[in-house]
1. How many nm is it between the label spots at SER124 and HIS64, if each spot is 7 Å from the Cα in line with the beta carbon?
2. What are the residues whose amide H is under 5 Å from the amide H of ASP123, where those residues sit 5 or more places off or on another chain and H is modelled from the backbone?
3. Pull out the extension gain between HIS131 and MET32, defined as 0.36 nm times the separation in residues minus the alpha carbon to alpha carbon distance; nm, one decimal.
4. Arranged from highest to lowest average of other beta-carbon atoms within 10 Å per residue, in what order do the peptides 8-21, 91-104 appear?
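Nothing in this text is a laboratory measurement; each read-out follows from the coordinates by a stated rule. The model shown is predicted, which means the values in this text are computed figures rather than measured ones. For neighbour counting, all protein chains shown are included, and Cβ atoms are generated from backbone atoms with ideal geometry for every residue, glycine included.
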Amino acid sequence: MDVGSYTFAQIICLGLTKLYHADSGIQRKSSMLLEVMHEHSSGVLSFGEFEAIAANPASSVYLHVRRLATERLSGDHPNHADDVVSGMSTLLMCMPRSGNERVALLLSQSLESWVPNIQLTLDSDSEARLHPSSASSRIMYHILTLTQ
């Protein structure tokens with residue numbers, strides 16, 4: 001599967017978003033995209049166990065599967081947490097709120113498993129004072145935008 005010049009985080013954000021699409025065909029393609037990216041990025045465990053369950057129309061089942069998929073991705077790819085959280089917060093801020101409240105809530109909840117993997121660091125300046133590194137400042141900005 002050719003993903004062009006998209007980053008791991010961009011593909012994951014798109015894939016997680018499309019898992020909540022009403023069309024089961026789009027959900028299935030999204031699941032395949034997430035699995036390919038997961039395996040391509042040296043993911044340890046397969047997504048195969050989720051496929052049969054994900055097709056279940058009961059919301060309690062398919063929502064649980066999406067949470068498990070997110071936990072699998074964040075657990076196997078913790079070094080992408082900053083970019084996934086930043087990408088998802090940017091996507092959520094651009095998403096029209098009218099009619100998308102449920103999807104926005106579910107996507108926000110999907111970030112729970114990524115946040116523990118964020119490493120906030122401090123840099124010292126020329127006067128030996130500590131301040132957040134630029135990466136830490138960026139991720140804190142994105143986390144704070146989600147609280148608006």
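1. Taking the two extended label points, one gets 5.2 nm.
2. Close amide H contacts, sequence-distant or interchain: HIS131, SER133.
3. Values: separation 99, 0.36 × 99 = 35.64 nm, distance 4.15 nm.
Taking HIS131 through MET32 to full extension adds about 31.5 nm, to one decimal.
4. Numbers: 8-21: 20.4, 91-104: 11.8.
Going by the mean number of other Cβ atoms within 10 Å, highest first, we get 8-21, 91-104.
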